[in-house]
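Okay, structure first, notes after.
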Number of protein chains: 2
Amino acid sequence: MPQTQPARGMRDFLPEDVRRRHYVIDVVRRVYERYGFEPLETPALENIETLTGKYGDEGNKLIFKVLRRGEHEASGEADLALRYDLTVPLARVVAEHRGKLPRVFKRYQIQPVWRADRPARGRFREFYQCDVDAIGSTSPIVEVEMLSAVSDVLLGLGFDDFKIRINHRQLLTDVLLYAGIGHGDHTTALVALDKLDKIGADGVTRELLSRDIAPAAAQQFVAMMTHDMRLADVPAGRGAADELEEIFRLARGTSAERHLTFDPGLARGLSYYTGAIMEIAVSGIGSLGGGGRYDGLIGMFSSEAIPACGFSLGLERILVVMSERGMFPAEVNTSGPDVVLAFPDDTAAELVLRLATQLRAADLRVDVYPESTKQGKHLGKALKYASERKAAFVAIIEERELAANEVRLRNTTTREDVRMPQTELVQFLSAHAASSSSRPSGLAPRGPDSE
Amino acid sequence: MPQTQPARGMRDFLPEDVRRRHYVIDVVRRVYERYGFEPLETPALENIETLTGKYGDEGNKLIFKVLRRGEHEASGEADLALRYDLTVPLARVVAEHRGKLPRVFKRYQIQPVWRADRPARGRFREFYQCDVDAIGSTSPIVEVEMLSAVSDVLLGLGFDDFKIRINHRQLLTDVLLYAGIGHGDHTTALVALDKLDKIGADGVTRELLSRDIAPAAAQQFVAMMTHDMRLADVPAGRGAADELEEIFRLARGTSAERHLTFDPGLARGLSYYTGAIMEIAVSGIGSLGGGGRYDGLIGMFSSEAIPACGFSLGLERILVVMSERGMFPAEVNTSGPDVVLAFPDDTAAELVLRLATQLRAADLRVDVYPESTKQGKHLGKALKYASERKAAFVAIIEERELAANEVRLRNTTTREDVRMPQTELVQFLSAHAASSSSRPSGLAPRGPDSE
């Protein structure tokens, strides 16, 4: 038999998976729309030159490359590549469509990316990124709005035990210099610092020493990073500390206020950050996303310096944590139809389809079991089907109900039957659906943003 | 400068495009959910063996193939390929997850596919397919539910001038045989018949003759296909005609009834159909989608015969037609924020962010222009920005408003200003948003299906 598994590191999303994913994406979208961010989508395939050289040597190896077609296929050359992240396509779009975009372009983008990483638990070769970026302003308002939006997303999903750690790239540089570590060793030192959570202060010190950083400098640096440094204590280069203080001041009264915490040890690996850097920490889980200001990157295709600040939510991670913690609302978990209709024989099928039409006009989710229940043991099969589909009710019509224009409605949870005139079915099921459905508070849909 | 266009045949979707696409997809989803269909998503990349050999020689050439990675990259071999349609992945999923799926699996899938076709007007190399299929039942209820669902989608999008042409594959075979065209010539004859709309009856006859079909047979076949044949007139093989009559009978009282029309000349190119075939025709536009019963295909990965019936909506085509006809509701076209807030200087920024927080808590879409308006000519820039963003209002706060705890609210359409206490802003803007937003009738969201 042929292989029927998805390709290595890829996943099929069955209905329950899709519903959970869409639930999360929907919350993210609604919140970002509420903050004035606009949706962008770019093609899965980019010209290979657009991507190569943008992610370092390691990244280059992980890009999925697409073979040229037709007569060129035999050459083994690639001319296209699959999207590796959402930042390079954003930079390309900004360069290409600058004239059509508002002077401050606030976009969110929720699309899959592909990386030929070694698959591991929680690491896939196709996964969604969920990015929000504001392009074109250096104002700290941008950072604050982003922190507040991200907080609203997490609160909307039901997280309340999160912190957003914040630091500043320039402040790290200043502290490194103050401790006596020269510019040439900064990348090494930050890579070591990034492991603070994993290997502890002694581990970081050992790593710095092994990289030939002077013991006094290494010790001072680690001490400064690990003692309870406040922004007011920052020893040198007040510029960055002032920026962070402005962010804290402006965040008062926004939903970020309660969650924001200065963390002088936060480094974030990516070298392209130029200003504030931030990361979501949930107790016992680690990072659910991060971001920061990167004023040098978006101009890569336009030889312009374009300021930018962005945040990326770890959608796949969020989904795993929400599943483990049982954070999905009941209506996402039990998302079967409101009712499955079963009919005794072909002469009754037309009646049942008319009933289905009426129920759907009332916005109920209605499934018709397509085989007549009189043949064979199809009533049992219809009931089994309704249970597989997690339907709330089965509406059974047999001879007796046909004769009396009634319907026997079985509650699939309580297994109780209730008999009623067919004309009352819409009202009964609508009332039940209204009482069992609820939305996360504050996320009621309105108008076009409820897409 | 580097290339900044998307790859050949691919498109960037700017915010307005994305909103229109999501609006249509949202209507499709809601309707399909209401019919008990469930969402499925499969990976963009499949193992290459999963796809090769499934689409004929021509199709094979149009598949985007992905180069093996690492040390194998130099070999020029491909081991993965990009999804070419949604049917083969569905067949794979059914074989792989059979035990987890309900006995009748009704799924919809709305995802991009990739084909290395020559790009042309309206033909892209990345485009969305929008498929709905019911797997596991031979009941004509399945066809009727599908026809009714597709009608509801089109009605929900605002189309009312559509017909759904229906025919039956077996009926075509019967008529061909009756006219005296042998089995060996059926494919040729149906390919010719498929062009009836384009080349007319004479053209089809000429093409049949050029393929060495006997003149009497060719003439009789074309005559039968073009005179106003009713189902009752079908001369031979009543089985197929009876099936179609059953579909017509059951469709009474569903939303398909008004639109369904028997068309003996409908052939549909794909050879895998085995029963009813159907196609949406909108006057002056042509096909917006089609489908039918194909009982032989879904079992391709499982050596089982699994009955199936499906329908594919031409999403890209629908989008083009809706744009041309101006069918998008106002709130999709003018989907800017409800208000852009402008502030005079950094000391007022905190106040403005607090206001933004209050407005967002009322589910308003709020953008804060991030530069203070006192510096330079930023009030003019803020107003220009609000107009680029298609915001409904700009809330201007300058010294006078600051002193009086007021806000000056400019309607960007009428350019009129109205002054009000800051405390009344939420109520005013909520009332305006409620009065200007509306949803297509019958598509009000409820519970989890409003994803």
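Which of the residues that make up the stretch B:366-406 are free of Cβ contacts under 8 Å to residues at least 40 places away in the same chain and of a type in the set (Lys, Arg)?
Listed by number, the residues that qualify are B:Lys374, B:Lys377, B:Lys381, B:Lys384, B:Arg400.
Residues to consider are B:Arg165, B:Arg107; find the one that is facing chain A (nearest Cβ under 10 Å), among the basic types (Lys, Arg) and assigned to a strand (DSSP E or B).
B:Arg107
Scanning the stretch A:351-373 for residues that are under 17 Å from A:Pro421 (Cα atoms), facing another protein chain (nearest Cβ under 8 Å) and surrounded by fewer than 21 Cβ atoms within 10 Å (Cβ to Cβ), which turns out nearest to the chain's Cα centre (by Cα)?
Across the stretch A:351-373, the extreme among qualifying residues is A:Thr357.
Going through the stretch B:127-140 one residue at a time, which ones are facing another protein chain (nearest Cβ under 10 Å) and either of a type in the set (S, T, N, Q) or buried (at least 24 other Cβ atoms within 10 Å of the Cβ) (or both)?
B:Ala134, B:Ser137, B:Thr138, B:Ser139, B:Pro140
Which condition number in (1) surrounded by fewer than 23 Cβ atoms within 10 Å (Cβ to Cβ); (2) aromatic (Phe, Trp, Tyr); (3) farther than 27 Å from A:Lys65 by Cβ is the one that B:Phe124 fails?
(3)
Need the failing condition index for B:Val18 against (1) under 26 Å from A:Val18 (Cβ atoms); (2) touching a Pro at 6+ places or on another chain (Cβ under 7 Å); (3) not in a helix (DSSP H, G or I), just the number.
All conditions are met except number (3).
Considering only the stretch B:283-337, how many residues are within 19 Å of B:Val27 (Cα to Cα), of a type in the set (Phe, Trp, Tyr) and within 12 Å of chain A (Cβ to nearest Cβ)?
Total meeting the criteria: 1.
Right, A:Val340: at pLDDT 95 or above and aliphatic (A, V, I, L, M) or not?
Yes, satisfied.
Name every residue in the stretch B:91-110 that is touching a residue at least 40 places away in the same chain (Cβ under 8 Å) and among the aliphatic types (A, V, I, L, M), in order of residue number.
Within the stretch B:91-110, B:Ala91, B:Val93, B:Val94, B:Ala95, B:Ile110 qualify.
Quick check on the stretch B:68-89: of everything there that is among the hydrophobic types (A, V, I, L, M, F, W, C) and surrounded by fewer than 23 Cβ atoms within 10 Å (Cβ to Cβ), which residue is nearest to the other protein chains (Cβ to nearest Cβ)?
Here the residue is B:Ala78.
Restricting to the stretch A:1-25, give me the number of residues that are in contact (Cβ under 8 Å) with a residue 12 or more places away in the chain and within 28 Å of A:Gly326 (Cβ to Cβ).
Adding up the residues that qualify gives 11.
Can you tell me which residue within the stretch B:375-396, out of those that are part of a loop (DSSP other than H, G, I, E, B) and within 38 Å of the chain's Cα centre (by Cα), is farthest from the other protein chains (Cβ to nearest Cβ)?
For the stretch B:375-396, the residue satisfying everything is B:Ala392.
Please specify each residue of the stretch A:34-64 satisfying the condition of being among the charged types (D, E, K, R) and surrounded by fewer than 23 Cβ atoms within 10 Å (Cβ to Cβ).
Result: A:Glu41, A:Glu49, A:Lys54, A:Asp57, A:Glu58, A:Lys61.
The values are calculated or read from the model by the stated rules, or taken from the named source; none is laboratory data. Treat the numbers as computed from the prediction; the structure is a model and nothing was measured. Quick reminder, even Gly has a Cβ in these numbers, built from the backbone with ideal geometry, and neighbours come from all protein chains shown.
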